[in-house]
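What follows is one structure encoded as structure tokens, with my remarks underneath.
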Amino acid sequence: MNPIAKSLRVVQDRLRRVLEQTARAPGSVRLLAVSKTFDAETVHEAWLAGQREFGENYIQEGVDKIVRLRVLEPNGGLVWHCVGPVQSNKTRLVAEHFDWVHTVDRLKIAQRLNEQRPAHLPPLNVCLQVNIDGGDTKSGVAPSEALGLAQAVRELPRLRLRGLMTIPDPVDDMLAVHTRARVLFENLQRALALPDFDTLSMGMSGDMDAAVQAGSTMVRVGSAIFGTRPPKTA
Ligand SMILES: *Cc1c(COP(=O)(O)O)cnc(C)c1O
């Protein structure tokens, strides 16, 4: 078994165990492999091990891998998630190449993605990034403004509003922080009554257990699958 297949197995087992311990349905959390800084061949190894959903932070780097993997596995069933910050000048690349974007926190970015999503592609899946802990990242809409942004984004026909995403700073009690996000997510589910609003993207290598305990439906795992990231050069 290649090393990536092995660590994928470990992460999947960890996920299964937490779901079992918290009496959540098996398979109720999707595993996103965050492949930022790793090359296309490494992504391909994960694909060979059965992984289908991948997250990228750096948009051009992600697009290069998307294009490469399309050559390697034309019918590979890969699903690409943009989990990094999106500036206005990068919205077109995201709209044209990715299946999901997790980091929408301003209406202007959503509007550009909506205008630039090509007609031959299905609507772009969108999660709103929420600054759940008021942490240093500074990205993300304030929790109190999330509903307003969601109500505006749901009107954009080329986007499909899927849920919320968080990246809280590490603290001792991650369960408490993640639970705040879960409560906000459920409040929005009730207020919006959108059947597609089904995704709470939270939890990374270090905090995925707490995130799943708190109700995450999608974990974004990088280093636990691919190993320590090489320093970024681009
Ligand atoms: C890098 C990154 C991850 C994965 O982080 P790990 O700690 O390596 O699992 C998840 N989400 C986002 C937004 C990231 O930037």
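Residue by residue, here is whether (1) of a type in the set (A, V, I, L, M, F, W, C); (2) in contact with a Leu (Cβ under 6 Å, 6 or more places away or on another chain); (3) farther than 22 Å from LEU188 by Cβ holds:
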residue: GLU53; (1), (2), (3): no, yes, yes
residue: LYS65; (1), (2), (3): no, no, yes
residue: ASP105; (1), (2), (3): no, no, no
residue: HIS120; (1), (2), (3): no, no, yes
residue: VAL126; (1), (2), (3): yes, yes, no
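Scoring THR228 on the criteria (1) farther than 18 Å from LEU31 by Cα; (2) within 9 Å of the ligand (Cβ to nearest atom); (3) in contact (Cβ under 8 Å) with a residue 40 or more places away in the chain leaves a single failure, condition (3).
Being in a strand (DSSP E or B) and touching a Phe, Trp or Tyr at 6+ places or on another chain (Cβ under 9 Å) is the filter; apply it to the stretch 68-115 and report the residue that is surrounded by the most Cβ atoms within 10 Å (Cβ to Cβ). This residue is CYS82. Of the residues in the stretch 1-9, at least one is assigned to a helix (DSSP H, G or I), over 16 Å from ARG220 (Cβ atoms) and at pLDDT below 95.
Within the stretch 79-109, the set of residues being more than 18 Å from PRO123 (Cβ to Cβ) and either within 14 Å of the ligand (Cβ to nearest atom) or not small (Gly, Ala, Ser) (or both) comprises VAL83, GLY84, PRO85, GLN87, ASN89, LYS90, ASP105, ARG106, LYS108. Suppose we keep only residues that are surrounded by 16 or more Cβ atoms within 10 Å (Cβ to Cβ), of a type in the set (Ser, Thr, Tyr) and in contact with a Ser or Thr (Cβ under 7 Å, 6 or more places away or on another chain) within the stretch 1-45. Which one would you say is farthest from MET204 (Cα to Cα)? Per the criteria, the residue is THR42.
Within the stretch 49-66, the set of residues being farther than 18 Å from VAL29 by Cα and more than 12 Å from the ligand (Cβ to nearest atom) comprises ALA49, ILE59, GLN60, GLU61, VAL63, ASP64, LYS65, ILE66.
The values are calculated or read from the model by the stated rules, or taken from the named source; none is laboratory data. These numbers come from a predicted model, not from an experiment. For neighbour counting, all protein chains shown are included, and Cβ atoms are generated from backbone atoms with ideal geometry for every residue, glycine included.
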